[in-house]
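Read the structure below first, then the notes.
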Amino acid sequence: MSKVIILATKRKNFWEKANDADFLETEVNFKEFKNNFELPVIAIGRYYKDSSKEKFSYIKIKDIRNFDSKVYFSFEPFLKSDIESNKLEDWLRSFNFNYRLACSVDTNKISEFYKKNSNLIPSFFIRSNHKEEITWKDYVGKYYLELENELNDNDFEDRVARLLQALGFEVIQIGYKIIGAYADGVALIKNVNTKYGIVYDCKNSNSFYPEDKFLRALEKYREHEINKRDISELHPVFISKKFEKIEKSEKFRCQYFEIESLLFLLSVKLKKGNLFTLSPFKNILSSKQTLSIDLIKKEWELNN
């Protein structure tokens, strides 16, 4: 959510020229400001005590740093407001923020203050000052993220194949492209002296459960691909949006890759670049583990 920084001083005309506003670290949470705002940022500089009748100013904060038990906000003047500082202080008092010499207030909340004083909130506050949190899904393109949405079965299979290719697998897509009962595809990992991988079947479902008939079919597909490609280390895998709770007896007959986990792994590859490798799959497949975000964090040694 977008927020507005409000700083306070009792020094007259302090916000009218470039300066450093300093506060004791015991009074100001340095990390709250340093980590949550993109600089430079427009803020409010208000006055209190004997200077409280002065109109507050809009300032441009260019740097925030801490040194010698103090927090410093380096700023330059931006614009003078038409509203007295004491009105802002009275409004801050309504939720006990008036005593804080440095605080940040939600843009939606401070718009109430402007409305109360017959003013419109300045446009530069409507544009987000606050640093938006970037999630792993921001690294992944819309084309792949739509795998979690409603797609027809053929489109789902196509995108799964391309997602596996994007991860670095050598993919042979079969499925609907060939008449007959076959796996939806084979995804291989090539090492210097060996080749291994998965025979996969796509399930365009938010609640897929591997009934015995599906398991037997996937085992048959695996046998066919082993004989055809002369690769003994092919592991049977279901790929679905979501799975229902898998019973222990079914867990060891094949493996399960949820779309969200594969998308998360793609974000890992995009962040790691040339340092990314598929080698952790060797252990995941041989130990018949279900692919999950937690497992990916462990196997790819992610710190967070």
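The values are calculated or read from the model by the stated rules, or taken from the named source; none is laboratory data. Computed from a predicted structure; not experimentally measured. Cβ placement follows ideal geometry from the backbone for every residue including glycine, while neighbour counts extend to all protein chains displayed.
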Note to self: Looking at the range 1-20 only, could you name the residues that are of a type outside the set (Lys, Arg), crowded, with 22+ Cβ neighbours inside 10 Å and either modelled with pLDDT under 95 or assigned to a strand (DSSP E or B) (or both)?
What the structure shows: 4, 5, 7, 8
Next item on the list: State all residues of the range 275-294 that are over 18 Å from the mean Cα position of the chain (by Cα) and either of a type in the set (A, V, I, L, M, F, W, C) or in a helix (DSSP H, G or I) (or both); if no residue qualifies, say none.
Entry: 275, 276, 278, 281, 282, 283, 284, 285, 286, 291
Check: Of the residues in the range 169-226, how many are of a type in the set (Gly, Ala, Ser), over 16 Å from residue 240 (Cβ atoms) and under 31 Å from the mean Cα position of the chain (by Cα)?
Finding: 1
Check: Can residue 264 be described as touching a Lys or Arg at 6+ places or on another chain (Cβ under 8 Å) and surrounded by 15 or more Cβ atoms within 10 Å (Cβ to Cβ)?
Finding: no
Next item on the list: Tell me, yes or no, whether the range 83-91 has at least one residue that is touching a helix residue (DSSP H, G or I) at 6+ places or on another chain (Cβ under 6 Å) and either in a strand (DSSP E or B) or under 24 Å from residue 109 (Cβ atoms) (or both).
Entry: yes
Next item on the list: Given the conditions (1) in contact with a Leu (Cβ under 6 Å, 6 or more places away or on another chain); (2) modelled with pLDDT under 90, report the number of the one that residue 95 does not fulfil.
Entry: (1)
Check: Of 69, 74, 2, which residue is touching a residue at least 60 places away in the same chain (Cβ under 8 Å), farther than 20 Å from residue 89 by Cβ, small (Gly, Ala, Ser) and out of contact with any Pro (no Cβ under 8 Å at 6 or more places or on another chain)?
Finding: 2
Item checked: Odd one out for residue 222 among (1) more than 15 Å from residue 187 (Cα to Cα); (2) without any contact (Cβ under 8 Å) to a residue 60 or more places away in the chain -> (1)
Next item on the list: Check whether at least one residue in the range 65-84 is hydroxyl-bearing (Ser, Thr, Tyr), within 19 Å of residue 122 (Cβ to Cβ) and modelled with pLDDT under 95, and report yes or no.
Entry: yes
Notebook entry, point to check: Mind checking which residues of the range 51-73 are under 33 Å from the mean Cα position of the chain (by Cα) and of a type in the set (Lys, Arg)?
Noted result: 60, 62, 65, 70
Checklist line | Hey, residue 76 of a type outside the set (Ser, Thr, Tyr) and within 24 Å of the chain's Cα centre (by Cα) or not | finding: no
Next item on the list: Scan 44, 59, 83, 64 and give me the residue that is of a type in the set (Val, Ile, Thr), in contact (Cβ under 8 Å) with a residue 12 or more places away in the chain and closer than 19 Å to residue 25 by Cα.
Entry: 64
Check: Of 132, 170, which residue is surrounded by fewer than 19 Cβ atoms within 10 Å (Cβ to Cβ), modelled with pLDDT of 85 or more and not small (Gly, Ala, Ser)?
Finding: 170
Next item on the list: Specify which of the listed residues (56, 113) is surrounded by 16 or more Cβ atoms within 10 Å (Cβ to Cβ), touching a helix residue (DSSP H, G or I) at 6+ places or on another chain (Cβ under 7 Å) and part of a helix (DSSP H, G or I).
Entry: 113
Next item on the list: Could you please find all residues in the range 107-120 being at pLDDT below 85 and among the hydrophobic types (A, V, I, L, M, F, W, C)?
Entry: 120
Note to self: Suppose we keep only residues that are in contact with a helix residue (DSSP H, G or I) (Cβ under 8 Å, 6 or more places away or on another chain) and surrounded by 13 or more Cβ atoms within 10 Å (Cβ to Cβ) within the range 204-232. Which one would you say is nearest to residue 148 (Cα to Cα)?
What the structure shows: 204
